[in-house]
Each structure stands twice: as C-alpha cells, then as structure tokens.
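Heads up: the structure comes next, in structure tokens.
The values are calculated or read from the model by the stated rules, or taken from the named source; none is laboratory data. Owing to the predicted nature of the structure, the values given are computational and were not obtained by experimental measurement. Here the Cβ positions follow ideal geometry from the backbone for every residue, glycine too, while neighbour counts run over all protein chains shown.
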Amino acid sequence: MLRAEQIRTTKGAFGRLLFLFLLALPALAQPAACPPPPATPPLAVRHVIDGDTLILADGRHVRLIGINTPETAKRDQPGEPLAQEAKQALSALLAAHGNQVRLVFGAERKDRYGRTLAYVYTGSEPLDVGAELLRQGLGLWIVIAPNAAHVACYPALETAARAARAGLWGLAEPPPLAAGSLADRAGGFVLTGGTVTGVREPAGHLVIELDHTVELFIHRRRRQAFALDPATLPGRRFEARGWLYRYRNKPNLRLDDPAMLRATD
C-alpha cells in the first residue's frame, strides 16, 4: 500500500510510473471466493469521479457494488481522509489496463440517483476493481440487498487490510468505531460499534441502542433475517455499518442486511 506521504514525495514522470507500478502489485492475486470475471465485451471509461464511481464513454455513470470509498470534497464540505488516494488508485488501476472495464450488473441495476450498479472488472486480464481497493484499505465493504454476490469474499479482504493497517486502517484516526463519536455527525457512511444499552420494539420494528448514543433500526419485515432475540441483546457488543441519518435528534443507522451487523463480543 502506497501511503499518502509517499505519494506526496514521489515527483515527476518517474514518480507517476512508480505510483502506477506499486498500485498494480496487490492486483496480482484474485480471491478464490469471488465470482469469476465476465466474458463480455470491454467498455471504455471516460472519467473517474471518485474511488467508487466512474463514467463510461457512452455517458453511463457506474457505481461499484459492494464497496464505499471516502467522499471527495464537495462545495459545502471537505473531502474525507484518503478520498483522493482512493480516486487515484482507481484511475491508476484502470489506466494500467487500457481504461476499459467489464461489468457484472447487480440484481438491482440502478440506484436512486439513476447510476448503473455493477461489479467492475478491468478490461484486459480481468481483475475485480472493488476487491483491489478493499485490499489496499481504500474503502469499506457494504451489502445492499439484493446486490450481495460478493458478500462471501469482500469482508475477508477488508479484514486483512485492517490487520495490516493498510490505507484507512493505518491512519492515526481510522474510520470511527465508537458510537459516541457519531453524536455530532449529520450523515454519510459510517462504521460504528459499541455496547447495547437499550432495546425497543416500536410497531414491531427492532431498535438497538449502542452506548446511549446511536440507534440501529431494523424494519419489522427484515427482523427474521437478522435472527436476533431482543432479550439477549443488552450488554452485548456489536459493529454496524451504513448510512447515518438523524431521527428525533439522535444518530440512526437503518440495517437492511444481516451482513451489515457483526457481533464483536
């Protein structure tokens, strides 16, 4: 993994070539548990927006399935740590393979923004792009049903990156894991964890409170999939990931897939 400080001190044409070479090194191994690449015609890439979104030559915006990378700077908010590194890593990986990709579409092919949802492979010597970013610690895995084809392999790649303190996991302040650290956040993707300090079942839904701060919301139609007994939850420790929203002025995460909740006790 090329660190941010190495990127800043690597100058000139030689530095750019070295950067491309070092980024390509982790791409030599493909996790056996991931589905094989598609035998479909390659598509040209016009532009990389950020670490998990690109634009094809035909104008389609493609959002990578199964990974969330740090947000780049917007007009009203600064970029998140290593957002530019994730974008550069994706750009470098695609450039090393002719800026062509192959797509495997999700069961759900569009998101609410109209972007095409797909697993992305490089066009030549197909490599799973999402897997490479996870391996370098430049994103966190996610599962949004029904697009869950890589749930068997993506979490293991993140776990290995965390153990190696690669990318985000090597920062002085890695992605927040304490529920209390979310108290003042308005939104965005988060990884959080803590001890269950309260459980409620309003209207048949399940609400799990962590550290008296953040609430995990599981809709009643999804409760059976999680197989959680409310009576056994207080005092247990969990890690959860998802998009933060505020309900009654308290940070909340809606969990739709059991893979997004993990017991840590």
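Filtering region 125-151 to residues that are within 28 Å of GLU173 (Cα to Cα) and hydrophobic (A, V, I, L, M, F, W, C) leaves VAL129, ALA131, LEU133, LEU134, LEU138, LEU140, TRP141, ILE142, VAL143, ILE144, VAL151.
When you look at LEU133, is it surrounded by fewer than 24 Cβ atoms within 10 Å (Cβ to Cβ) and not in a loop (DSSP other than H, G, I, E, B), yes or no? When the stated conditions are applied, LEU133 does not pass them. Among the residues of region 149-164, which ones are part of a loop (DSSP other than H, G, I, E, B) and either among the acidic types (Asp, Glu) or touching a Gly at 6+ places or on another chain (Cβ under 8 Å) (or both)? Those that are part of a loop (DSSP other than H, G, I, E, B) and either among the acidic types (Asp, Glu) or touching a Gly at 6+ places or on another chain (Cβ under 8 Å) (or both): ALA149, HIS150, VAL151, ALA164. Residues of region 139-157 that are surrounded by fewer than 23 Cβ atoms within 10 Å (Cβ to Cβ) and not hydrophobic (A, V, I, L, M, F, W, C): PRO146, ASN147, PRO155. So which of PHE238, PHE189 ends up being in contact with a Phe, Trp or Tyr (Cβ under 7 Å, 6 or more places away or on another chain), surrounded by 12 or more Cβ atoms within 10 Å (Cβ to Cβ) and not assigned by TED's automatic domain parsing to the domain that holds GLU80? Criteria check complete, one pass: PHE189.
The criterion of at least 1 residues that are more than 21 Å from ILE67 (Cα to Cα), touching a residue at least 12 places away in the same chain (Cβ under 8 Å) and touching a helix residue (DSSP H, G or I) at 6+ places or on another chain (Cβ under 8 Å) is met, among strands (runs of 3 or more DSSP E) falling completely within region 183-265, by 188-200, 206-210, 214-218, 250-254. Taking the conditions (1) out of contact with any helix residue (DSSP H, G or I) (no Cβ under 9 Å at 6 or more places or on another chain); (2) in the same structural domain as PRO35 (by TED's automatic domain parsing); (3) free of Cβ contacts under 8 Å to residues at least 12 places away in the same chain in turn, ASN147 satisfies each one other than (3). Residues being of a type outside the set (S, T, N, Q), touching a residue at least 40 places away in the same chain (Cβ under 8 Å) and surrounded by fewer than 20 Cβ atoms within 10 Å (Cβ to Cβ): count how many of those fall in region 81-93. Residues flagged as of a type outside the set (S, T, N, Q), touching a residue at least 40 places away in the same chain (Cβ under 8 Å) and surrounded by fewer than 20 Cβ atoms within 10 Å (Cβ to Cβ) within region 81-93 amount to 2. For GLU132, the criteria (1) touching a residue at least 40 places away in the same chain (Cβ under 8 Å); (2) within 19 Å of HIS61 (Cα to Cα); (3) of a type outside the set (Phe, Trp, Tyr) hold in every case but one, which is (2).
Screening THR232, THR195 for residues that are at pLDDT 95 or above, farther than 29 Å from HIS150 by Cβ, surrounded by 12 or more Cβ atoms within 10 Å (Cβ to Cβ) and not assigned by TED's automatic domain parsing to the domain that holds PRO78 leaves exactly one candidate, THR195.
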